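Every number here is computed from the coordinates shown, using simple stated rules; none is lab data. Keep in mind that this is a model prediction, so the values were computed, not measured. All Cβ positions, glycine included, derive from the backbone under ideal geometry; neighbour counts span all protein chains shown.
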Amino acid sequence: MPDKKSDRNFDKPYVPKLSHKIVRRLLRLVRDWGRAKNRVLYGLCGQIWIAERAIIEPQARIILDHQSDLEFVASIGSGTIIKDFALICPRSGFITIGRSCSINPYCVLLGYGGITIGDHVRIAAHTSLIAFNHNFEDPDKPINHQGYRSSGIIIEDDVWIASGVRVLDGVTIGKGAVIGAGAVVTKDIPPYAIAAGVPAKVIKTRLNQEQNQKTSSRKVYTHDNITSV
């Protein structure tokens, strides 16, 4: 009986054959990368709370580069996924992301004045949430020497922000709103509105007249009354 090892071609690397069962297990391990129990990550300038079943993909970046007195400068809710190449940067503020959200590739979140994102929010690729503005009132002084001002950004529950949107400081996007691709949001968007354009304007509502009256008594979100993840 011939020796199997003697028949091996040593000019090519040896690759063992894997059973379908082992392959499935390996794929499951890759899929579950970054998924764990409630946990805290410690950075040089603060801490991040990551809830159970939240996923941070390998090429996503959470950067802590400013000192803060807050216990957690960023928190990510259960079932939320931060996709590869997304950038989460609280800076001197904070970023709170609720449950079952998706932050897709190449999104940029800068949280100087604070960014609060509710539950079930979808943020498509190449979207930016910038929670500060430069001061530029003095034309005789370089803009980078005039400091900045920040009010914060609030995205309520069940919002869909399409690709390439820019959300500027001081904006609240109401529950159930939809923001069209490429929009620049400079003012508040009411609940269940559909907005698009530069600057973004409400073009229609998702509600009929009766539903619209019911939402007039809705709870107003602020940074103080957002529930924790």
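Among the residues of segment 107-123, which ones are among the hydroxyl-bearing types (Ser, Thr, Tyr) and within 17 Å of Ile179 (Cβ to Cβ)?
Thr116
Please go through segment 124-158 and pick out each residue that is out of contact with any Leu (no Cβ under 8 Å at 6 or more places or on another chain) and surrounded by 22 or more Cβ atoms within 10 Å (Cβ to Cβ).
Within segment 124-158, Thr127, Ile154, Glu156 meet the criteria.
Within segment 103-111, can one find any residue that is touching a Ser or Thr at 6+ places or on another chain (Cβ under 7 Å) and either at negative phi or small (Gly, Ala, Ser) (or both)?
yes
Are any residues in segment 78-104 surrounded by fewer than 19 Cβ atoms within 10 Å (Cβ to Cβ) and of a type in the set (A, V, I, L, M, F, W, C), and if so, which ones?
Answer for segment 78-104, where residues must be surrounded by fewer than 19 Cβ atoms within 10 Å (Cβ to Cβ) and of a type in the set (A, V, I, L, M, F, W, C): Phe85, Leu87.
Which residues, taken from segment 159-193, are among the acidic types (Asp, Glu) and either closer than 17 Å to Ser128 by Cβ or surrounded by 17 or more Cβ atoms within 10 Å (Cβ to Cβ) (or both)?
Selection gives Asp169 alone.
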